[in-house]
Structure formats: structure tokens, C-alpha cells
Amino acid sequence: MKTRFRIAVLAIVSKDLRAEIRSRELLSVMAIFAFLCILVFSFALELERVAREEAISGVLWVTLVFASLLGFNRSLAQEGDQGNLDAMLLAPVSRPAIFFGKLLSNYFFTLIVALVILPLMTVIYNSNLLKGWLIVTTVVGVFGFSSIGTLLAMLTLHTRSREAMLPIAMLPVALPLLLTAVRATTGILNDSPAREWLVWLQLLAAVTVIYLALCWLLSGFVLEE
Amino acid sequence: MDEKTPLIEVEDLSKTFGLLPVLRSVNFGVARAETIMLLGQNGGGKTTLLRLLAGLSKPTTGAIRIGGWQMPTEAMEVRRQIGLLSHQPLLYGNLSARENLDFFGKLYGMAKDERAERIGALLDQVGLAKRADSLARGFSRGMQQRLSIARANLHQPEILLLDEPFTGLDQAAAETLEGLVLSAQREERTLIIATHQLGRAPTLAGRALILSRGQIAFDGNIETMSAANLGELYTRVCNGAAMA
């Protein structure tokens, strides 16, 4: 008899949250990296004020993608380095439940970082990023990145140079998410009419749903040897 | 399932990593309530065989049936019956001993009360009751191994696969583990124990499999053998296989 899906997912999420509250290994690294990234971009674009304003949405999403890559790698390393993933795989739990549990944990951590850097960027870039639709875009986009990132982090977990392999595998696959998220964000930040950016937000949501479904289907193959 | 059918059946099992054959045409059966010592040199294929039996790895060719279920395609049906003690601790350092066991108890679908009762009893049994709420990362290798034993035994599996269980244990912890093995035998559970410690083999098991170069070089009764005789047999078998 299989352990019920929901119980397994909740067990994995609560285990990850409890471990993170104790160690702060993931959130601190992701948040510090994101903060430094924003600062570096800010200094690099300082001379060109117009370019800097136009680049805010790109800076936001590139920062989020890079910070999430760090987080996904570390989150799965915690499972792989001590063989804990094997212990989970030994249990009568469906593979998609293990994937979904890790996905929700990764999403939660990345979303916290995203919600921290929005006000930070508002201050540093002197542009209001605390807009309702922008938060919606962030919530949807981060979920898309977390889906594909969690699956690919599981796939690259036992490769020799997994820190390098995850970005190499994830960045090309994440391009449709990045493109739609940046377009929607730019439209919202420029106060463009909704008809101009809503389609990008809808596309972002559609790509996120497609990626989630694909990851769900592939998780069994990825988690098996 | 027929009473005479072995609980574990391994037929013509081979496993290759890339071009490297790790197991070659392995055949054996294990009866219910039997204890088997899996002996062999480093790299002989013991861990690979245990991972295949646990459903963590797929055979390149051949078949494994546990209780009539085909592994790994029907592994979900037998996972609850298998407990694996790996040579990695399979524990979360940032969780306490109790939290580690509670997490795995949830994955095995144990109810809250059942988990609390079982975890308390197991921690007591492995001598970690006083450290139940300490983080596993602060445990010595021996304490981690004892907690791993509790984890593998948590859901009272019918089949226990123990990979080098005595490694890193002090005398007291090794005795605790021996006690657990004997208690599992009294409960008529099936055990496969991979070890290098030949001295313990005849006291814990009636039968040994010696794996050499990925093949079973010996499969026989060791109940009446002394440790010295088993050592001689082991050397002879491994050298013979190496020369062949």
C-alpha cells in the first residue's frame, strides 16, 4: 500500500523547513548572493541611467535565476551527500511525491528571497517594484523556475561536477520562462496598458503549467537510476 | 506464495556500470527467516547486489523476485517489507534523532501514536534514548550507525539488508547490533548481511555467499565452521576466482 501522496509531500516540506530553520544554510546563501548580484548590477549600470531603468526587470530575473540555482544545488546536495535520497526512495512513496515535496520546499525558499529583493531593488534602483501584478508575476515565475530547477537538480545530483552541470542544463530550458517573465515585468514596471503585458503573464503561467506537468511525468524516470 | 518458494529469488543477475561488469550471472535464493552472510573483497559487488535487492538500482540483465514480486518494476509492493542499512548513514544532520525517525515513519505511513511508541522503543534499544533530541550532526560515527539501525528497523521490515553494519562501531555498539540481529532472527525475519568481518559470520548466519569479481564463488553452509576455517575457505575461494 502506498503512503498517501499528501502525507509524504508534507513530511518532506516540514522536514526541509525544520532543517533550514536550524541551519539557515540555504536562505542565507541565496539572499546574500541575490543582494550582491543586485549591487553589482547597480554599479555596473550606474553610468547609463536610462539603460539601468530599462534593465531592472532583467536584473530582477537574472538575479532570481542565479540565486535559485545556488539554492536548488544545495537543497538537493543535502539529500544526495549523505545518501538521504536513497532512504526516501526506499520508502513506499511515489516518486512524484518526492519531487513535489522538494519542489515546494525549493519554491518556498526562492519565493522568500524574491520577496526580500523586491523592496531592496525598489530602494537601490529607485523604482517601485512593489506592485501587485509584479508580485503575481514573481509568484508564478518563481514556481516555474522551481519546477524545472528541482527536476534538473535531481538529474544532475550524481554527476561529477553538479554545481556546473545544473546551470548548463537549466539555463537553456528556462529561457521561455525568463523571456516571458522579463516581458511581463517590464510592462508592469513601465505602467503600460494591461493588454500589452497581460499576454506575457498568461504565457508565463502557461509555460509554468506545461513545465510542471512535464517535470511531474519525468520525475519517476529521473529519480530511478 | 508457495511455502517452498524462496522469499528472494535472484536469477542470472548481471549489473554493468558503463563497460565495467560489477555482477555477472548471479543466481541464488533466500528462504524466509534465513540469515545469509554476504562476503567478498572490496569492489566484489556486495553493495551493488544489496542496492539491487532494495530496488534502488536496476539490473542490466536477469531477474530479482521478492515474495513473488518482480524488482524493480513492482518494487512499490515490497518496499514496506525491506529495511536497508547502508554504509552511508542516510540521516539528516540538522534533525534530531527523534525527528529523523519521525520523518521516515511518516514516509512509511505510520500513524502518529504508532510512530511515537516505536521511536521511543527503538531509541531505547539502540542506546540513544538520552540523546533523542540531539541533532544527528553532533553524533559520532558509532552513534550515527546506531541511529541508522533504528531507521532501517523502524517499520519492522520482513527483510533486513545490512551493508557493513559493524563498521565504525565500538564494542558496546557492536554488541547492541548483534543483539538486534539475533532478535530479528528470533522474529523469523530474513537477513542479508554484507561484511568483511569473517569472525562474526559463523555466529550470526548459517549460510554464506562469497562474491568474487562479480560472481558467486561460494554458496554454502558455514554453521559448523570456525572463524579460522571460514577465513581459509574465503582466501582459497577468492584466490581461486582471481586466478580463473
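Observations
- Placing unit charges on each Cβ (+1 for Lys and Arg, -1 for Asp and Glu) gives the range A:1-119 a dipole about its Cα centre, and among A:Ala77, A:Phe109, A:Val93 the Cα reaching farthest toward its positive end belongs to A:Val93.
- Max mean-square fluctuation residue, GNM over chain B, Cα-Cα springs under 10 Å, options B:Ala152, B:Ala63, B:Ala194: B:Ala63
- Mean separation of Cα contacts under 8 Å, 6 or more apart, over the residue count of the range B:135-206: relative contact order %: 36
- Taking θ as phi - 60° and the Karplus parameters 6.51, -1.76 and 1.60, the scalar couplings of the range B:56-62 work out to 8, 9, 9, x, 6, 9, x Hz in sequence order, x denoting glycine and proline.
- Ranking of A:Asp86, A:Asp81, A:Asp16, B:Asp113 by neighbouring Cβ atoms within 10 Å, starting from the fewest: B:Asp113, A:Asp81, A:Asp86, A:Asp16.
- Across peptide B:54-60, the average count of Cβ atoms from other chains found within 10 Å of a residue's Cβ is 3.
- The value of relative contact order for chain B, using C-alpha pairs under 8 Å at least six residues apart, is 25 percent.
- Cross-link table A:Lys15/B:Lys106; A:Lys15/B:Lys58; A:Lys102/B:Lys15; A:Lys15/A:Lys102, entries beyond 19 Å C-alpha to C-alpha: A:Lys15/B:Lys58; A:Lys102/B:Lys15
- Summary value for chain A: 25 percent relative contact order, contacts being C-alpha pairs under 8 angstrom separated by 6+ residues.
- Dipole magnitude for the protein assembly as shown: computed about the Cα centre from +1 point charges on Lys and Arg Cβ and -1 point charges on Asp and Glu Cβ, it is near 360 debye.
- Beta bridges per DSSP, both residues in chain B: antiparallel share near 55 percent.
- Our coupling estimate for the range B:20-30, obtained by passing each phi through the Karplus curve with A = 6.51, B = -1.76, C = 1.60 and θ = phi - 60°, is 8, x, 9, 10, 10, 6, 8, 10, 5, x, 10 Hz, Gly and Pro reported as x.
- When only alpha carbons are used to place a centre, the range B:177-209 and the range B:93-149 end up 23 Å from one another.
- For chain A, size of Cβ-based charge dipole, Lys and Arg +1, Asp and Glu -1, in debye: 560
- Average partner coverage of A:18-25, which counts Cβ from other chains inside 10 Å: 4
- Distance from the range A:125-202 to the range A:1-43 (C-alpha centre basis), Å: 17
- Our estimate of slack between B:Gln197 and B:Glu114, defined as 0.36 nm per intervening residue step minus the Cα-Cα distance, is 26.3 nm.
- By the rule of a C-alpha distance below 12 Å, with chain neighbours fewer than 8 residues away ignored, the aspartates and glutamates paired with B:Lys46 are B:Asp163, B:Glu164.
- In the range A:55-192, a dipole from Cβ-located charges (positive for Lys and Arg, negative for Asp and Glu) runs towards its positive end, and of A:Thr156, A:Ala181, A:Pro167 it is A:Ala181 whose Cα lies farthest in that direction.
- Amide H contacts under 5 Å for B:Phe218, placed H, 5+ residues apart: B:Ile210
- Model label points for A:Leu130 and B:Arg236, set 7 angstrom from Cα along the Cα-to-Cβ axis, are 8.3 nm apart.
- Phi to ³J(HN,Hα) by Karplus 6.51 cos²θ - 1.76 cosθ + 1.60 over the range B:197-202, Hz, x for Gly, Pro: 7, 4, x, 7, 4, x
- Projecting the Cα atoms of B:Ile210, B:Gly199, B:Gln70 onto the charge dipole of the protein assembly as shown (Cβ charges, centred on the Cα centre) puts B:Gln70 farthest toward the positive pole.
- For trypsin sites (Lys or Arg not before Pro), the sites in the range B:1-78 that DSSP calls loop and that have at most 12 other Cβ atoms within 10 Å are B:Lys4.
- Counting, for every residue in A:90-102, the Cβ atoms of other protein chains within 10 Å of its Cβ and taking the mean gives 4.
Quick note: the coordinates plus some simple rules give every number you see, no bench work behind them. Only a predicted model underlies this, so the values are computations on that prediction, with no experimental measurement involved. In this analysis, Cβ positions are derived from the backbone assuming ideal geometry, glycine residues included, and neighbour counts consider all displayed protein chains.
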